[in-house]
Amino acid sequence: MSNVPQQRLLQTAIPGPKSAALQARKTAAVSAGVSTGLPVYVERAGGGILVDVDGNQLIDFGSGIAVTTVGNAAPRVVERVTAQVQDFTHTCFMVTPYEEYLEVAEALNDLTPGDHEKRTALFNSGAEAVENAVKVARHFTGRNAVVAFDHAYHGRTNLTMALTAKNMPYKHKFGPFAGEVYRAPMSYPFRWPGGPADCAKESFDVFVQQVHAQVGEDNVAAVVLEPIQGEGGFIVPAPGFVKQVAQWCADNGILFIADEVQSGFCRTGDWFASEHEDVVPDLITTAKGIAGGLPLAGVTGRADVMDSVHGGGLGGTYGGNPIACAAALGAIETMKEEDLCGRAKQVEALFVPRLKALAEKYPQIGDIRGRGAMLAVELVNGPGDLTPNAALTGAVNKACHAEGLVTLTCGTYGNVFRFLPPLAASDELLSEGLDIFEKAFAASV
């Protein structure tokens, strides 16, 4: 249990004076390119609460963008990290290795979908993991082309910016980007021209036709797909789409890469979102929720694929840092011991009825989607008008912040409200957060 009191408490306006002073220092010291959605400076956190420097206690519906799934400063994570810091902080696994890296790799090989023989390599961030997965795929297949999807988000490095679909703020004026990256339409039931009922078949047919015509199957090394898209709007593909794409890849000698950086580690009610339709990726990328807040990422995949790379072809100075590995082992232990997959399903059962009731009252909620504790509502102008309503989304977000609820938006059009609470948060806190969201919505419409 967290030693942070699990209750919302507002001592000042949000942000308070101490946070405002720190934000002034941030403006003077940090690049303007590094923005903050809510300039409240945190000094302690635990469970579902963030405590700021002004003594305010805020309910956390963001988990640091799906990172603190096990809760902030989770006891098992803290215990393992503390012990590891006392032992040693770094040697570089490529120079003198250590057992903690092996334990994380073994855990990932065991937990990720499929019972085939696997190998893992560890890195620092989701973007690094995706970039290295593409490197592996190109090396193994001898092909160059990579296919990604509309609304995709895969990172901020040069190659992952090329894979990412959204220009502002991720790609604007940062080109030229890596070549041989192609984009296909995403299976997006809410906005599919033919309607949700036909989305799975039609979107898959369009995908196949477009890749065949514009790229050529024999040129494609990999298809990179988020089983539930993250930054692009928590878009859940039509049932069957992901499985069809994975099978098409297998039929054409193409590697299917599941980017589970945001959807992995119990977030969707399964260990990985791919499991929902029994999809077994050739390669799977992980980060965010893997290590309870410490920077760690992984690429896990078929042994023959991962072992095809020459010695020294994968790695990095900090990849699989021992402290981050210790944190991951503590986080994974927490997920198992506390059945956080089951907890994610409980969160869904709590949220969805409340969101549906709100949608019945306010037609600006055009779609409710997601699984587990990875949920979202898409806001539009109203009945018969699906124009994205980014202004309302921003207004609700601002109103939530003012009442001590940390919330996040997303979506290609900036009109999606996403819910990513820590799975350590109590039902009471989650219900109070939903109360705040509902009041903010009513006040903003």
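In the range 416-426, is there at least one residue being of a type outside the set (Phe, Trp, Tyr) and surrounded by fewer than 20 Cβ atoms within 10 Å (Cβ to Cβ)?
yes
With respect to the numbered conditions (1) buried (at least 20 other Cβ atoms within 10 Å of the Cβ); (2) out of contact with any His (no Cβ under 9 Å at 6 or more places or on another chain); (3) assigned to a loop (DSSP other than H, G, I, E, B), which one is the sole condition not fulfilled by Lys166?
(2)
How many residues are among the polar types (S, T, N, Q), over 28 Å from the mean Cα position of the chain (by Cα) and in the same structural domain as Lys398 (by TED's automatic domain parsing) if we restrict to the range 12-43?
Selection size over the range 12-43: 0.
Show the residue pairs meeting these rules: Cβ distance below 9 Å; 6+ apart or different chains; first residue within the range 91-107 and in the same structural domain as Arg80 (by TED's automatic domain parsing); second residue among the aromatic types (Phe, Trp, Tyr) and outside any helix (DSSP H, G or I).
Sorted first by the residue in the range 91-107, then by its partner, the pairs are Thr91/Tyr98; Cys92/Tyr318; Tyr98/Phe88; Tyr101/Phe93.
Of the conditions (1) closer than 18 Å to Ala273 by Cα; (2) in a helix (DSSP H, G or I); (3) touching a residue at least 24 places away in the same chain (Cβ under 8 Å), Pro237 fails just one. Which one is it?
(2)
Could you please find all residues in the range 111-153 being assigned to a strand (DSSP E or B), under 20 Å from the mean Cα position of the chain (by Cα) and under 16 Å from Met306 (Cβ atoms)?
Thr120, Ala121, Leu122, Phe123
Considering every residue within the range 82-89, establish whether at least one is modelled with pLDDT of 95 or more, among the charged types (D, E, K, R) and either in contact with a His (Cβ under 9 Å, 6 or more places away or on another chain) or not assigned by TED's automatic domain parsing to the domain that holds Glu226 (or both).
Checking the range 82-89: not a single residue is modelled with pLDDT of 95 or more, among the charged types (D, E, K, R) and either in contact with a His (Cβ under 9 Å, 6 or more places away or on another chain) or not assigned by TED's automatic domain parsing to the domain that holds Glu226 (or both).
Does any residue of the range 97-108 turn out to be over 12 Å from Cys325 (Cβ atoms) and surrounded by fewer than 23 Cβ atoms within 10 Å (Cβ to Cβ)?
No: zero hits.
Conditions tested, residue by residue: (1) touching a Gly at 6+ places or on another chain (Cβ under 7 Å); (2) farther than 15 Å from Thr69 by Cα; (3) not assigned by TED's automatic domain parsing to the domain that holds Leu375.
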| position | (1), (2), (3) |
| --- | --- |
| Gly269 | yes, no, yes |
| Ser274 | no, yes, yes |
| Asp278 | no, yes, yes |
| Leu283 | yes, yes, yes |
| Gly289 | yes, no, yes |
| Gly292 | yes, no, yes |
| Gly298 | no, yes, yes |
| Asp307 | no, yes, yes |
| Gly319 | no, yes, yes |
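Could you please give the count of residues in the range 1-18 that are touching a residue at least 40 places away in the same chain (Cβ under 8 Å), over 12 Å from Val51 (Cα atoms) and exposed (fewer than 12 other Cβ atoms within 10 Å of the Cβ)?
Of the residues in that region, 1 qualify.
Any residue at all in the range 216-224 that's over 20 Å from Val130 (Cα atoms) and outside any loop (DSSP other than H, G, I, E, B)?
Yes - at least one qualifying residue is present in the range 216-224.
Within the range 303-329, how many residues are among the acidic types (Asp, Glu) and part of a loop (DSSP other than H, G, I, E, B)?
The qualifying residues number 1.
What number of residues in the range 129-177 are under 13 Å from Gly232 (Cβ atoms) and β-branched (Val, Ile, Thr)?
Residues flagged as under 13 Å from Gly232 (Cβ atoms) and β-branched (Val, Ile, Thr) within the range 129-177 amount to 1.
Looking at this structure, is Lys288 at pLDDT 95 or above and under 21 Å from Ala148 (Cβ atoms)?
yes
What do you reckon, is Gln244 in the same structural domain as Leu108 (by TED's automatic domain parsing) and surrounded by fewer than 22 Cβ atoms within 10 Å (Cβ to Cβ)?
In short, yes.
For the range 186-205, name all the residues that are surrounded by fewer than 16 Cβ atoms within 10 Å (Cβ to Cβ) and either free of Cβ contacts under 8 Å to residues at least 40 places away in the same chain or over 23 Å from Glu378 (Cα atoms) (or both).
Pro193, Gly194, Gly195, Ala197, Asp198, Lys201, Asp205 - these are the residues of the range 186-205 that are surrounded by fewer than 16 Cβ atoms within 10 Å (Cβ to Cβ) and either free of Cβ contacts under 8 Å to residues at least 40 places away in the same chain or over 23 Å from Glu378 (Cα atoms) (or both).
Those residues that are more than 21 Å from the chain's Cα centre (by Cα) and either crowded, with 22+ Cβ neighbours inside 10 Å or assigned to a strand (DSSP E or B) (or both), I need them from the range 356-388; list them, please.
Residues satisfying the conditions are Gln364, Ile365, Gly366, Val380, Asn381, Gly382, Asp385, Leu386, Thr387, Pro388.
If Pro383 meets every condition in (1) at pLDDT 95 or above; (2) over 21 Å from Ile65 (Cβ atoms) apart from one, which number is that one?
The failed condition is (1).
Considering only the range 148-159, I want to know if a residue exists there that is modelled with pLDDT of 95 or more, aromatic (Phe, Trp, Tyr) and under 15 Å from Ala129 (Cβ atoms).
Scanning the range 148-159 turns up at least one residue that is modelled with pLDDT of 95 or more, aromatic (Phe, Trp, Tyr) and under 15 Å from Ala129 (Cβ atoms).
The values are calculated or read from the model by the stated rules, or taken from the named source; none is laboratory data. Quick caveat, the model's predicted, so the values are computed rather than measured. All Cβ positions, glycine included, derive from the backbone under ideal geometry; neighbour counts span all protein chains shown.
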